[in-house]
1. What's the extension gain from residue 118 to residue 217 if we count 0.36 nm per residue and subtract their Cα-Cα distance?
2. What ranking, highest mean first, results for peptides 108-115, 279-286 when packing means the other Cβ atoms within 10 Å averaged over each residue?
3. Obtain the nm distance between the two label points defined at residue 141 and residue 277 by a simple spin-label model: each point lies 7 Å from its Cα along the Cα-to-C-beta direction.
4. Test of understanding: what is the full-extension gain from residue 34 to residue 60, defined as 0.36 nm times their sequence separation minus their Cα-Cα distance?
5. Determine how many Å³ per residue the convex hull of the Cα atoms of segment 181-253 encloses.
6. Taking a quarter of the surface of the Cα convex hull of segment 34-78, what do you get in nm²?
7. Out of every Cα pair in segment 209-300, what percent are spaced more than 23 Å from each other?
8. In nm, to one decimal, how far is the modelled label at residue 17 from the one at residue 51, with both set 7 Å along Cα→Cβ?
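No lab work stands behind these numbers, since they all come straight from the coordinates. This structure is a prediction, so every number in the text was calculated from the model and none was measured. Using ideal geometry, Cβ is built from the backbone for each residue, glycine included, and neighbour counts are taken over all protein chains shown.
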């Protein structure tokens with residue numbers, strides 16, 4: 001179904017809402033964990049998100065993918081971009097502040113660059129990309145600040161939880177590289193890709209639920225509301241809106257939502273959950289974002305090749321949506337002037 005591109009000026013409110021929904025997802029996870037286990041939070045998130053995206057698919061009359069090869073790749077993406085990172089972030093949310101989780105989430109573009117350099121033969125380690133990786137690694141070290149806290153003061157799983165958060169963004173990066181390698185060139189747009197992969201991920205969690213989502217359930221209004229918002233907004237509506245933003249602004253400008261989500265996440269953690277923000281966390285986040293800017297070519301400190309190692313927002317399938325259709329017409333030749 002062909003749709004007209006949204007007006008760029010009208011897209012700004014959706015862009016700000018998108019940053020808010022993705023930044024607030026870590027707040028929703030933290031509140032959901034007050035009455036549910038990490039696996040139960042992820043199960044609710046994926047089921048509600050799948051239903052939301054399926055509703056959008058129905059209302060917009062988008063066709064579902066039917067090719068076995070495409071469905072197989074989307075199943076893998078559902079694991080890499082939904083099931084595994086959602087579980088890791090939910091588990092980490094038990095031991096680290098929600099704002100810190102949102103800061104680590106901002107490392108996704110750098111992880112994507114790192115994985116692409118390892119997995120894609122066409123990607124090369126240039127001086128600019130080396131600088132970006134070094135800056136991002138330095139920022140992560142500053143965020144973790146291992147010189148400040150001891151195990152006793154930070155909690156037994158404090159640093160393990162930070163590694164889990166980095167593992168989640170590594171999954172995102174691996175998923176985006178997998179998407180680029182195996183799904184580029186198909187005609188499905190970002191909403192269709194997101195709806196299918198989230199639906200398959202929800203099916204996986206439903207199968208695993210009897211084994212991993214057991215335990216006591218304490219459903220308060222705050223817990224239920226957080227899981228519903230996490231699924232319907234942060235996983236459902238956000239993915240659909242991100243596709244519209246990419247169509248209106250282009251992928252490069254739309255990807256700047258990466259810089260706003262940790263700001264929203266940290267502010268909500270401090271204001272709503274009364275989380276303590278240490279100086280090293282925003283400083284480290286700024287260094288990570290500087291690395292992202294360098295890696296994407298926004299700061300031209302050094303000359304770099306034109307193809308960026310940029311990652312689309314998690315789970316949206318923007319690389320598929322942006323792939324130009326092959327030309328079918330004959331190339332027009334120009335006669336020389338006589």
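1. Separation in residues times 0.36 nm, less the Cα-Cα distance, equals 31.4 nm.
2. 108-115, 279-286
3. It works out to 2.5 nm between the two label points.
4. That pair, residue 34 and residue 60, stretches by 5.7 nm at full extension.
5. Spelled out: Cα convex hull of segment 181-253, divided by residues, is 130 Å³.
6. Projected over every direction and averaged, the Cα hull of segment 34-78 covers 4.1 nm².
7. 48
8. 2.1
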